[in-house]
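Enquirer: Dropping the structure in here first, questions after.
The values are calculated or read from the model by the stated rules, or taken from the named source; none is laboratory data. None of these values were measured; they are calculated from a predicted model. Cβ: placed from backbone, ideal geometry, glycine included. Neighbour counts: every protein chain shown. For the accessible areas, the whole protein counts, side chains as well, though only heavy atoms, and no ligand, DNA or RNA atoms are used. Shrake-Rupley method; radii C 1.70, N 1.55, O 1.52, S 1.80 Å.
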Amino acid sequence: MDGNDIKMTGKCPVMHGSNTASGTSVMDWWPNALNLDILHQHDTKTNPMGEAFDYREALKDLDVEALKADLRALITTSQDWWPADWGSYVGMFARVAWHAAGSYRLADGRGGGGTGNQRFAPLNSWPDNVNTDKGRRLLWPIKKKYGNKISWADLMILSGTIAYEVAGLKTFGFAFGREDIWHPEKDIYWGAEKEWLAPSDGRYDDVSKPETMENPLAAVQMGLIYVNPEGVNGKSDPLATAAQMRETFARMAMNDEETVALTAGGHTIGKCHGNGDPADLSPDPEAAGPEYQGIGWMNTKGRGIGRDTVVSGIEGAWTSNPTQWDMGYFDMLFGHEWELRKSPAGATQWMPVEIDEADMPADVEDPAIRTLPIMTDADMALRLDPTYNAICQKFIADPAYFSETFARAWFKLTHRDMGPKARYVGPDVPQEDLIWQDPIPAGPTGYDVAALKAAIAGSGLTMQDMVATAWDSARTYRGSDMRGGANGARIRLAPQKDWAANEPERLARVLSVLEPLAATHGASVADTIVLAGNLAVEQAAEAAGVPLELPFAPGRGDATDEMTDAPSFDALEPLADGFRNFLKTDYVVSPEEMMLDRAQLMGLTARDMVVLTGGLRMMGANHGGTAHGVFTDRPGALSQDFFVTLTDMAYSWVPVGDGLYEIRDRATGAAKFTATRADLVFGSNSILRGYAELYAQDDTGAKFVADFADAWTRVMMADRFDLKA
Ligand code: HEM
C-alpha cells in the first residue's frame, strides 16, 4: 500500500484511534445550547506565537520604507504562475484589501480586515473572494522575508493601499497594528443560509425593502461582500441595486458620498474576470484536495490565467487605462450608452452600445488587442440613482475633490475596525483626528486619587448607584472594533445618556454628583465614574469580610458632543445585559444568548461571565435594586451567596411570567428570592454550573472576590489603549 492508497484494513467501520470526532457535535444535537466556545477563541494554545509575542513591539523593528519598496516591486512584476493583468497587480491587491476590510459591519463591529481572517474559512472560500488566495500567495515572498514583523492582516491592507499609490493616487495614510488570528472566528454570524449565494429573500423581511435585512448582516447574499453585481438576486435593475448598496454601505458606516467615491474609485483600476466556463474551476480552497496546497478555483481544463481567468464571471475593465488613477471611470460611465449582454461565462453585464476603438481597454496580455469595457449593475446604479448621480457630477467637476474623498474613504474603510487612533502604529499615521475614530482627549493624571475617592465615599451615593454607573459606562466596549467603553465618559452624552438600559433618571442624578467632584479634584468624569465603581466593589468586598484594593490608573479623558458621531453609537446600545438584568420581553434570541454575545464582544471568559453576574447581583446593581436577582440574606456583600442559592436543592425555581422566576423553599413552598432567566443559566448550563459550584464550595468567598476583582478590573481597563500604546 503506498501513501496515496489509504485503505481501511479492519472490519470495524470506525477508524479507532485515528481521529477525534468530527461528526455530530453537541451544538448539532442541542442547537439551542449556549455556544460558550465563542468566548474561548484565539486562545494561547492555538496561537503559535506564544504569550510573550507582542506584535506592537515586533513592528518597531520593521523597515517600513523597505517593505513599501518591496510591495511596489511586487505589484509591477508579473509572475508566470499567475500573470498580472497589463503587467500590474494594482487591481488584484486593491480588491484583496477591499474584500478583507469590507466584511466589517457597524451593528456588532465584527468582520473587517483587522485580524487577517481572509486566510481562513469561510472567508477564504467565499464565492466573492475567488482568487484572493492568489493575492496572498503573491504576497508570500514578502511575508516570508519580513516574518513576524508584519502580520498578514497589515500586509493585505497595506498591499491595497500601495496599489493605489502605484496607480497614482495620493493616499491619506496607513496605520500598522492589526494582529493576526490563527484559526477561524467562531463568533461571527454571516447568515443562516446553508447554500452559497442562496437568494437574498431569506435575510430580508421584504427583499424590496433593503432596510429589512436581518441584523447584524451587511451583505445581500451568503458569500458576498456587499451587493450582487448582476442585480438583486441576479436580476438587473440598477435602481433596486442602488437601494441595496445604500443600505449595505450604511451598515458599514459609509454615507452616499463615501459609497460613490469607493465604488467609482474602486473600479478606476482593475477588471472583472469571466472569460471561460466557471464549471472548469477546481473547488474553493477549503474544499480543494491536498495537491492544490490551499489554492482554489484553478482551471482544470484550459489555461485559466491571464485573459482566460474566471472570477465573478463578468468580463472586462471599466476604464481605458485600468492601471492608472484617473477620471476614466466617470468618462466611461457617462460617455456611453449601455445595454445588457452576457459575458463568456454567462454573467449579466452592461456593455457600451458603441465605443471608439481608442477608448477601449487593451487586452491584459496583448496591448495590440482592444476589448470592450463593462459596467456592473452597481456601477450603473451610480449613474441612474439621482442622489448617486449628483455626487458623480460633483466629482466630475472637481477631480481633486474626488481623489481626496476616495483617499479618505479608503482610509476609513481599511482602518474603521481598528478602533481608536491610540492603536495606530507607524510613520504614515495621519495627524488629523477623524470623528469615526471616536476621538478621546488625553485626561489628567496628576490629581490626588485618594482625595477624590474619599470625596466620592462621602458624597452620599449608594453602592448600587456607583457600581451600576461604572458598569454601564464600561460595558459598551466591544473588542470587535474596539469602540465604546468607559474612556471618554460618553455615557454623559447623547445617545448613551438616554438609553433605557442606562436608567436615564438615575444616571443623571449620579452624574450630577460625580461631575462636580471631578471638576473640583481636577480629574476627568471618566476616571471619576470608574473610581466610584471601584469604591463600591471595595466596600462590597469589605462587607463580605474579604478586604480588597483594586488597581486604578488615572488618565481617562472626557469626549465632547463634537467628538462624537452620535448616530453610530446607536449600534452599541445594550438591548439586554444579563449581567445587570436589563429585562426586555421582546428578545429576538434568549437573554442568556444576548449576555453571551455581549460577553464575547467585551472579551470576557465564561468564568468572567459567572463572577461578574454573581457579583453585580450581590451589590444590587441589577435594575430594580434588591427587588430581584439578589439571592442573598446579606445584600451589598460581595459574597458567593448567588451560587450557593443557585446550587442548593432546598430550593425550587418556578417561572412566574415576565421572564422572572421565584426561588421557593421546597419544604414550605414560600417564595424566598426572585431570579431572571439569565440568572438561572448559571445553575442550569452544565459548563456554567461547574463554575458556579466552584464558588459555592468556597466558604471563605476569597476565590470569588479575587476572580471578580480580576474580571472587573479588566472590564474597566479594556479600552485603555492610551496605556497599551
Ligand atoms: C457596490 C459594490 C461593488 C460591487 C457590486 C463590486 C463588484 C465587483 C466585481 C463583480 C468585480 C470583478 C471581480 C472579478 O471578476 O475579478 C470587482 C472588481 C474590483 N472591485 Fe469591486 N465592487 C463593488 C465595490 C468596490 C469597492 C468599494 C472597491 C474598492 C474600494 C472595489 C474595488 C474593486 C477592484 C480594485 C476590482 C478589480 C479586481 C481585479 O482587477 O482583479 N469594488 N468588483
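Enquirer: Find the centroid of the Cα atoms in the stretch 255-318 and in the stretch 527-572, then give the distance between the two in whole Å.
Expert: 49 Å
Enquirer: Provide the convex hull volume over Cα atoms per residue for the chain, in Å³.
Expert: Numbers: hull volume 134.2 nm³, N = 725.
That works out to 185 Å³ per residue.
Enquirer: At a 1.4 Å probe radius, carbon and sulfur cover how many percent of the accessible area of the chain? Present the calculation step by step, with values, prior to reporting the outcome.
Expert: Numbers: 15850 of 29730 Å².
Summing carbon and sulfur atoms, their accessible area is 53 percent of the total for the chain.
Enquirer: Tell me, what is the 1.4 Å probe accessible area of SER78, in Å² to the nearest 10?
Expert: Here the residue's solvent-accessible area equals roughly 50 Å².
Enquirer: Would you list which aspartates and glutamates come within 19 Å of LYS149, measuring only between C-alpha atoms, while excluding same-chain residues fewer than 8 positions from it?
Expert: Cα-Cα hits under 19 Å: GLU51, ASP54, GLU57, ASP61, ASP63, GLU65, ASP70, GLU179, ASP180, ASP428.
Enquirer: Sticking with this structure for a sec: What does the extension gain come out to for ASP366 and TRP29, with contour length at 0.36 nm per residue minus their alpha carbon separation? It would help to have the intermediate numbers written out before the result.
Expert: Values: separation 337, 0.36 × 337 = 121.32 nm, distance 5.72 nm.
Length gained between ASP366 and TRP29: 115.6 nm.
Enquirer: Might you tell me the accessible area per residue for the stretch 576-710, computed with a 1.4 Å probe and given in Å²?
Expert: Numbers: 5100 Å² over 135 residues.
Counting only protein heavy atoms, the per-residue value for the stretch 576-710 is 38 Å².
Enquirer: Moving on to the next point. Output the Cα-based Rg and Dmax of the stretch 576-710 in Å, rounding Rg to one decimal and Dmax to a whole number.
Expert: When restricted to the Cα atoms of the stretch 576-710, Rg and Dmax are 13.7, 42 Å.
Enquirer: Go through LYS194/LYS271; LYS60/LYS421; LYS421/LYS724; LYS60/LYS412; LYS271/LYS342; LYS209/LYS235 and tell me which ones have a Cα-Cα distance over 19 Å in this structure. Please list the in-between numbers first.
Expert: Working: LYS194/LYS271 30 Å; LYS60/LYS421 17 Å; LYS421/LYS724 12 Å; LYS60/LYS412 24 Å; LYS271/LYS342 16 Å; LYS209/LYS235 16 Å.
Pairs exceeding the cut-off: LYS194/LYS271; LYS60/LYS412.
Enquirer: Shifting gears a bit: Does anyone have the angle between helix 64-75 and the longest principal axis of the chain? Alpha-carbon axes, 0 to 90°, nearest 10?
Expert: The answer is roughly 40 degrees.
Enquirer: Residues with amide H under 5 Å of PHE673's amide H, sequence separation 5 or more or different chain, H placed in the peptide plane at 1.01 Å from N; which?
Expert: ILE663
Enquirer: Over all directions, how big on average is the projection of the convex hull of the alpha-carbon atoms in the stretch 55-167, in square nanometres?
Expert: Details: hull surface 29.9 nm².
Spelled out: convex hull of the Cα atoms, projected over all directions, averaged, 7.5 nm².
Enquirer: If you average 1/r over every pair of different alpha-carbon atoms in the stretch 114-230 and take one over that average, what Kirkwood value in Å do you get?
Expert: Values: mean 1/r = 0.0615 Å⁻¹.
Every distinct Cα pair counted, the radius reaches 16.3 Å.
Enquirer: With +1 on each Lys and Arg Cβ and -1 on each Asp and Glu Cβ, and nothing else charged, work out how big the dipole of the chain is about its Cα centre, in Debye to the nearest 20. Can you show the working numbers first?
Expert: Values: 66 positive and 102 negative charges, 257 e Å.
Rounded to the nearest 20 debye, it is 1240 debye.
Enquirer: Work out from phi, with θ = phi - 60° and the Karplus expression 6.51 cos²θ - 1.76 cosθ + 1.60, the ³J(HN,Hα) of each residue of the stretch 687-698, listed in order in whole Hz, and give x for Gly and Pro.
Expert: 7, 5, 4, x, 5, 4, 5, 4, 6, 5, 7, 9
Enquirer: Right, next: Hey, what do the phi angles of the stretch 406-415 turn into as Karplus ³J(HN,Hα) couplings, whole Hz, using 6.51/-1.76/1.60 and θ = phi - 60°, x for Gly and Pro?
Expert: These are the phi-based 3J(HN,Hα) values: 5, 4, 5, 5, 5, 4, 5, 3, 8, 10 Hz.
Enquirer: Right, here's the next one. Just going by the charge dipole of the chain, with Lys and Arg at +1 and Asp and Glu at -1 on Cβ, which of VAL681, ILE435, TYR164 is farthest out on the positive end?
Expert: Going by the charge dipole, the pick is VAL681.
Enquirer: Compute, for HIS40, the solvent-accessible surface of its heavy atoms (probe 1.4 Å) with the complete set of protein chains present, and express it in square angstrom to the nearest 10.
Expert: 80 Å²
Enquirer: Expressed in nm to one decimal, what extension gain is obtained for the pair TYR292 and ASP448 from 0.36 nm per residue of sequence separation less their Cα-Cα distance? Display every interim value, and only then the final one.
Expert: Working: separation 156, 0.36 × 156 = 56.16 nm, distance 6.37 nm.
49.8 nm is the gain from fully extending TYR292 to ASP448.
Enquirer: With each run of n ≥ 4 DSSP H residues scored as -39500 (n - 2.57), what mean residue ellipticity at 222 nm is computed for the chain after dividing by its residue count and rounding to the nearest 500 deg cm²/dmol? If you can, show how the numbers build up before the last one.
Expert: Values: 24 runs with 265 residues, N = 725.
Estimated from H runs of four or more residues: -11000 deg cm²/dmol.
Enquirer: Can you give the charge dipole size of the stretch 576-710 about its Cα centre, rounded to the nearest 20 debye, using +1 on the beta carbon of Lys and Arg and -1 on the beta carbon of Asp and Glu? All intermediate terms of the calculation are to be shown ahead of the outcome.
Expert: Values: 12 positive and 18 negative charges, 31 e Å.
Approximately 160 debye in magnitude.
Enquirer: Still on this structure, I have one more. Taking only the alpha carbons of the stretch 132-185, what extent do you get along each of the three principal axes, in Å, biggest first?
Expert: Answer, in whole Å and largest first: 35, 23, 22 Å.
Enquirer: Let me check against my output: what whole-number percent is the relative contact order of the chain, with C-alpha pairs under 8 Å and at least 6 apart?
Expert: Numbers: 1262 pairs, mean separation 81.9, N = 725.
Taking the mean separation of contacting Cα pairs over the length of the chain, I get 11 percent.
Enquirer: Short version: ³J(HN,Hα) in whole Hz for each residue of the stretch 368-384, in order, from phi by Karplus 6.51 cos²θ - 1.76 cosθ + 1.60 (θ = phi - 60°), x for Gly and Pro, what are they?
Expert: Once θ is set to phi - 60°, the couplings for the stretch 368-384 become 6, 8, 9, 10, 8, x, 9, 9, 8, 4, 5, 5, 5, 4, 5, 7, 8 Hz.
Enquirer: May I ask you to derive the FRET efficiency for ALA508 and HIS183 from their Cβ-Cβ distance with R0 = 45 Å, giving the value to the nearest 0.05?
Expert: Values: r = 45 Å, r/R0 = 1.01.
It comes to 0.50.
Enquirer: Another question about this same structure. Which value, in Å² rounded to 10, gives the accessible area of MET649 with a 1.4 Å probe and all protein chains present?
Expert: For MET649, the solvent-accessible surface is approximately 120 Å².
Enquirer: Please compute the per residue accessible area over the stretch 449-572 with all protein chains in place, 1.4 Å probe, rounded to a whole number of Å². Please report the intermediate quantities before stating the final value.
Expert: Details: 4030 Å² over 124 residues.
Normalised by residue count, the accessible surface of the stretch 449-572 is 33 Å².
Enquirer: How far is helix 525-543 tilted, in degrees, relative to the longest principal axis of the Cα atoms in the chain, given as a value from 0 to 90 rounded to the nearest 10?
Expert: So the inclination is approximately 40 degrees.
Enquirer: Once the stretch 449-572 is represented by equal point scatterers at the alpha-carbon sites, with solvent omitted, what log10 I(q)/I(0) does the Debye formula produce at q = 0.09, 0.11, 0.14 Å⁻¹?
Expert: -0.24, -0.35, -0.57
Enquirer: In units of 2.2 N^0.38 Å, what is the alpha-carbon radius of gyration of the stretch 200-411?
Expert: Dividing the Cα Rg of the stretch 200-411 by 2.2 N^0.38 Å gives 1.05.
Enquirer: Nearest 10 degrees is fine. How inclined is helix 132-146 to the longest principal axis of the chain, computing both from alpha carbons?
Expert: Orientation of helix 132-146: about 70 degrees from the principal axis.
Enquirer: For the stretch 200-411, what does the accessible surface come to per residue with a 1.4 Å probe? Please give it in Å².
Expert: In whole numbers, the stretch 200-411 has 40 Å² accessible per residue.
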